[in-house]
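Undergrad: Handing you this structure, nothing more for now.
The values are calculated or read from the model by the stated rules, or taken from the named source; none is laboratory data. Predicted model only: the values in this text are computed from it and were never measured. Please note: Cβ atoms are built from the backbone with ideal geometry, for glycine as well, and neighbour counts cover all protein chains shown.
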Amino acid sequence: MDILTLLGLLIGFGAIIGGNILEGGHTSSLMQITAFLIVFGGTLGCVFVQVPMPVFLRCMKITSWVFVPPKLEQQAAIDKIISWSNIARKEGLLGLESLVESETDPFAQKGLQLLVDGSEPDAIRGILEVELGVREHFDTQAAKVYEAFGGYSPTIGIIGAVMGLIHVMGNLADPSKLGAGIAVAFVATIYGVGFANMIFLPMANKLKSAIHQQSQFREMIIEGIISIAEGENPRNIETKLQGYLH
């Protein structure tokens, strides 16, 4: 669980709601279902127009990474690569064949299979880097869905505020309703700007960070597999891979 994400949301919303109360405002005045429907529904519609379905579905799938990032056990991966290297030096690359099926990481499994097949180091690097690049690009596009939410949300909020003001103008004959009507109209702007800057944009950046960490992890695996293919000393491989540790 990413404690900073939860802490950030609590502090952010707590500061705004608390400040509103200290200023003498009422929390109920910020709870406007109509404004919420306009802002969220309008923003969602804009995002649907912008992004392809596979990208949107991938975005929904990786949203949990904001709160529970994928666990990357780098030291365990390094130890595993070093064990592969020792087996390859003692038994040859074919000695790794029995480990292919038991490998749980599909990316590492693919690299291990390429090793067993006797592929050249440059060929192994090319194949794995293509897969890494495509996966990173797809996941980054998915993270940018929340950037799209953050981009459209403030504008839709302004549209909601203008719509509310139009409604207020229709009641000019009753001055007693003007103040409350204008206050309600601007709630849409608060929703639009608040959602964008407190939820959508931070979520996009958190997802990008998680994607970058996964890419570095896979780059480490590529480097280890290539080093085994080139017959490097296990001690040298370990020293090299230790550079990827945070």
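Undergrad: Hey, LYS71 hits all of (1) within 30 Å of GLU232 (Cβ to Cβ); (2) assigned to a helix (DSSP H, G or I) but one; which does it fall short on?
TA: (2)
Undergrad: While we're here: Having 1 or more residues that are of a type in the set (D, E, K, R) and either under 30 Å from GLU120 (Cα atoms) or at pLDDT 95 or above (or both) is the bar; report the helices (runs of 4 or more DSSP H) wholly within region 140-246 that clear it. Please lay out each step first, then the result.
TA: Numbers: elements: 178-195, 201-229, 234-242.
So the answer is 201-229, 234-242.
Undergrad: On to the next question. Please work out which residue is farthest from the chain's Cα centre (by Cα), limiting yourself to region 96-120 and to residues that are in contact (Cβ under 8 Å) with a residue 40 or more places away in the chain and buried (at least 17 other Cβ atoms within 10 Å of the Cβ).
TA: Top of the filtered list is SER119.
Undergrad: Just checking, how many residues over region 35-60 are touching a helix residue (DSSP H, G or I) at 6+ places or on another chain (Cβ under 8 Å), modelled with pLDDT under 95 and more than 11 Å from PHE149 (Cα to Cα)?
TA: Within region 35-60, residues that are touching a helix residue (DSSP H, G or I) at 6+ places or on another chain (Cβ under 8 Å), modelled with pLDDT under 95 and more than 11 Å from PHE149 (Cα to Cα) number 3.
Undergrad: Would you check which residues across region 23-58 are in a loop (DSSP other than H, G, I, E, B), over 23 Å from the mean Cα position of the chain (by Cα) and more than 16 Å from ILE158 (Cα to Cα) and list them?
TA: The answer is GLU23, GLY24, GLY25, HIS26, MET31.
Undergrad: Select from region 196-225 the residues that are more than 21 Å from the chain's Cα centre (by Cα) and surrounded by 21 or more Cβ atoms within 10 Å (Cβ to Cβ) and write down the one among them that is farthest from GLU73 (Cα to Cα). Outline the logic, then answer.
TA: Residues of region 196-225 more than 21 Å from the chain's Cα centre (by Cα): 221-225.
Subset that is surrounded by 21 or more Cβ atoms within 10 Å (Cβ to Cβ): 221, 224-225.
On the way: ILE221: 12, GLY224: 15, ILE225: 17 Å.
In this case the residue turns out to be ILE225.
Undergrad: Let me ask something else about it. In contact (Cβ under 8 Å) with a residue 24 or more places away in the chain, over 19 Å from VAL68 (Cβ atoms) and either of a type in the set (Lys, Arg) or touching a His at 6+ places or on another chain (Cβ under 7 Å) (or both): which single residue out of ARG235, ARG218 fits that description?
TA: On the way: ARG235 fails: in contact (Cβ under 8 Å) with a residue 24 or more places away in the chain.
Of the residues listed, the single one that is in contact (Cβ under 8 Å) with a residue 24 or more places away in the chain, over 19 Å from VAL68 (Cβ atoms) and either of a type in the set (Lys, Arg) or touching a His at 6+ places or on another chain (Cβ under 7 Å) (or both) is ARG218.
Undergrad: Hey, among LEU6, LEU30, which residue is exposed (fewer than 13 other Cβ atoms within 10 Å of the Cβ) and touching a residue at least 24 places away in the same chain (Cβ under 8 Å)?
TA: Details: LEU30 fails: exposed (fewer than 13 other Cβ atoms within 10 Å of the Cβ).
Exactly one residue qualifies, and that residue is LEU6.
Undergrad: Among the candidates ASN86, ASN20, single out the residue that is part of a helix (DSSP H, G or I), modelled with pLDDT of 90 or more and either surrounded by fewer than 16 Cβ atoms within 10 Å (Cβ to Cβ) or among the basic types (Lys, Arg) (or both).
TA: Details: ASN20 fails: modelled with pLDDT of 90 or more.
Only one candidate qualifies: ASN86.
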